[in-house]
Structures are given as structure tokens and as C-alpha cells.
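Have a look at the structure below before the remarks.
The values are calculated or read from the model by the stated rules, or taken from the named source; none is laboratory data. Quick caveat, the model's predicted, so the values are computed rather than measured. Ideal geometry is used to build each Cβ from the backbone, glycine not excepted, and the neighbour counts take in all protein chains shown.
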């Protein structure tokens, strides 16, 4: 059984998804499903049920019609998320509180295993990837752990983020882009009437995955990944687009967002427990590269892993932007997928809780409502309840 206290945490940095998967299995944090399962409903159900029953990462060895496994719930506990970035469970939040001087710039390399196999002709996403259908009401299979890389041509800003991607046809995806940075990059390209080049990395190392969803708009996400890893993120030039991609990723899809075209994307059962449909951009894929013997990772929507990651990655943003102004904050707890947070303060004066709410509403964009409650028997402590979205 894996006991983080028995390891040198500084030595436990994973620059490769497979290394992390192997480590978890070796230390009792991963369970294998040996029975062949269908990519429609069965794989996602097995991962969801297995994670609920055991709290472990779940690897489905055999997906019908494909030659490689699917893994989920890798970061479904605070303990495993800490292991991914070389932190104990107790220190994971402080480890995520990185500063500008902690960032480690990315490094460009000549080659990487992500280019073991290169497909430029006869692109067929359904044939190449074991894309899963998660819920009965989903319109089609979805990629749920695709890290989308894009670059603003005028500013040179490069960014990455996880976005849900509907597989609409053999070579087309529908993208649901809600991130502040990615939305602006897409809008700028639309204003110029240009196709926006993108690359979608699936199966990146855990530090890069966490950096991609880290709440830090317009920041150096590559440098954040390096800080989490303790070493530079290695990037290699893509085949068909002017973008750098993770050299050790399992898969990369290269393509362009078609300018001026939006189509219905969804419905898809989202992490808030509702089916969501929208008019969204369409991506045309021109190339697929992948490793030999890859692993295909997924996020299961409306599951514990979503909440664990978002709670822990948004908490540092709250700490950084609020606790310096209100040192009276005693504790912060987020329940992101449930849509609320709780902040406990030891009030220094009567109006401080209300001032805290006003400050949060003006500085944290995803918090919309605040309420004040007093703890029974502890009049000096006040709980501020916050609702998201």
C-alpha cells in the first residue's frame, strides 16, 4: 500500500503518464479490469463504479475494437493528486501555492515518443481513439481529457486548457471553450477571419494536466507545469501546425478551428449534473500522432475526480488573492462541482464578514452569491458561504 510518508517526495516527479500509472499500481492505488468492455457506456460505468467502491484509479485493460487500455480516476483523491506533484496529502495545497519565481520555463526538444506513429491520411478518430460515450443522453462520444494548445498570432500568447470535445465525424470535433484565455484567443482569430491552429494532447503527465486546469488566466501554463514537475516541460514541434506539443504525450490531434462556423455541440452530461448543449466552434483534424502502446486517459463527468481537482486547484487562487487582504481567514473549503464554498474567519470587527463577501464578489469571477452564518458556541468565528456560477 502506498504511504506517501515513506517516500522522498522530491524524487517522485513524473514526466510521463505511464510512469505515474505504473507507480500507482505498484503501490496499491490502481485496480485493473480484465474483462473486455464496450466504449459505449461500459468502460465509463466500470470506472465510475470501481472508483466509487474502492477509491482507486481504474485501468480497463481491454476495450472492444482497440488495442490499448483506458484509465480513469487517476487524481480522484487528495493523496494521489499530491503524489503526482511530489507532495504529501497534508502539504498539497501549499505545494500548489506557486509564485512567479517558482515557474520553470519549458524546453524544446528535437523528438519525442508522441511521434512514434504519425497519421496524416485517412484520419478516423473513431478508429484510432477509444472515445467513450458516457451517458444515455449524450449525443455522441466525447474526449474528456484533451489538453488543447493554442496560440494568439498577434500577441504570441500560448495557452493550454482542458475542454470537452465532441467527436462529430471521422475528422471533426466540436469544442466547448469556456476558459478566459482560450475564449479570447478564439475571439481574436474570429475577428481576423482566420482559422485558428490548435493541438489536442491526450495522456500528458499529471503535472501538465494539473497546470492546464490551474486557475491562472493569461499566465505561463508551461512554466506552471514545470514548477509542479520540478523540471522543464519538454515540447516538440507539431507536424502540421505551428505549435509546440508535449513530447511525452500519449496522443496529439492537430487541426484548425474553422472560421465563421459554429454548430450544435451536445447534449453532453456535464460535471454539474445536467445535460448541456451549445452552439460552438468546429475543429477539423489534419493529423494524429501517438506513442506505441499508449494509454488513453479519461475524466468521468460528475464524479469525484472532477471535484478533487477543481477544489484543490481553485483553492490556491482564493488563498493568493484573498488571504493577503483578510489575514483573519482561518479555513477555506471548496466544493466546486457542488457549486459552493465555505470560508471561516475569526472576525476582527463586526463588518469584516460583509467586506469579505464584497471583496470576493468583485475579484473572483465564478463566485456570484455570498451569505454569512455564525457558528454555534463560537461567536468570534463566522462562516461565509459562497455560491458559484
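The set of residues in the stretch 160-188 that are modelled with pLDDT under 90 and more than 18 Å from residue 279 (Cβ to Cβ) comprises 180, 181. Across the stretch 209-229, the qualifying residues are those that are touching a strand residue (DSSP E or B) at 6+ places or on another chain (Cβ under 6 Å) and crowded, with 23+ Cβ neighbours inside 10 Å, and the one among them that is farthest from residue 129 (Cα to Cα) is 221. Which of the residues belonging to the stretch 274-315 are in a loop (DSSP other than H, G, I, E, B) and closer than 22 Å to residue 44 by Cβ? Within the stretch 274-315, 274, 294, 295, 299, 300, 301, 302, 303 qualify.
Specify the residue that is farthest from residue 233 (Cα to Cα); the eligible residues are those in the stretch 11-28 that are touching a helix residue (DSSP H, G or I) at 6+ places or on another chain (Cβ under 9 Å) and not in a loop (DSSP other than H, G, I, E, B).
If we filter the stretch 11-28 for residues that are touching a helix residue (DSSP H, G or I) at 6+ places or on another chain (Cβ under 9 Å), which is where we start, we get 12-17, 20, 23-24, 27.
Remaining after also requiring not in a loop (DSSP other than H, G, I, E, B): 17, 20, 23-24.
On the way: 17: 13, 20: 16, 23: 20, 24: 22 Å.
Selected residue: 24.
If the condition is being assigned to a loop (DSSP other than H, G, I, E, B) and more than 24 Å from residue 333 (Cα to Cα), then the stretch 48-81 contributes 61, 62, 64, 65, 66, 67, 68, 69.
Can you find a residue in the stretch 29-43 that is assigned to a helix (DSSP H, G or I), at pLDDT below 90 and surrounded by fewer than 20 Cβ atoms within 10 Å (Cβ to Cβ)?
Kept after step one, since they are assigned to a helix (DSSP H, G or I), are these residues of the stretch 29-43: 42-43.
Applying the additional criterion that residues be at pLDDT below 90 yields none.
No: the stretch 29-43 contains no residue that is assigned to a helix (DSSP H, G or I), at pLDDT below 90 and surrounded by fewer than 20 Cβ atoms within 10 Å (Cβ to Cβ).
Of the set (1) surrounded by fewer than 19 Cβ atoms within 10 Å (Cβ to Cβ); (2) in contact (Cβ under 8 Å) with a residue 40 or more places away in the chain; (3) not assigned by TED's automatic domain parsing to the domain that holds residue 206, all apply to residue 267 but (3).
Here is a check on your reading of the model: is residue 204 closer than 21 Å to residue 132 by Cβ, out of contact with any helix residue (DSSP H, G or I) (no Cβ under 6 Å at 6 or more places or on another chain), assigned to a loop (DSSP other than H, G, I, E, B) and modelled with pLDDT of 95 or more?
Details: closer than 21 Å to residue 132 by Cβ: yes; out of contact with any helix residue (DSSP H, G or I) (no Cβ under 6 Å at 6 or more places or on another chain): yes; assigned to a loop (DSSP other than H, G, I, E, B): yes; modelled with pLDDT of 95 or more: yes.
Taking the combined requirement at face value, the residue satisfies it.
Residues of the stretch 46-74 that are surrounded by fewer than 16 Cβ atoms within 10 Å (Cβ to Cβ), at negative phi and within 22 Å of the chain's Cα centre (by Cα): 49, 52. Considering only the stretch 233-250, I want to know if a residue exists there that is within 22 Å of residue 174 (Cβ to Cβ), within 20 Å of the chain's Cα centre (by Cα), in a strand (DSSP E or B) and in contact (Cβ under 8 Å) with a residue 60 or more places away in the chain. Yes, the stretch 233-250 has at least one match. Residue count for the stretch 316-330 satisfying the condition of being part of a loop (DSSP other than H, G, I, E, B) and crowded, with 20+ Cβ neighbours inside 10 Å: 0. Residue count for the stretch 344-376 satisfying the condition of being modelled with pLDDT under 80 and within 28 Å of the chain's Cα centre (by Cα): 11.
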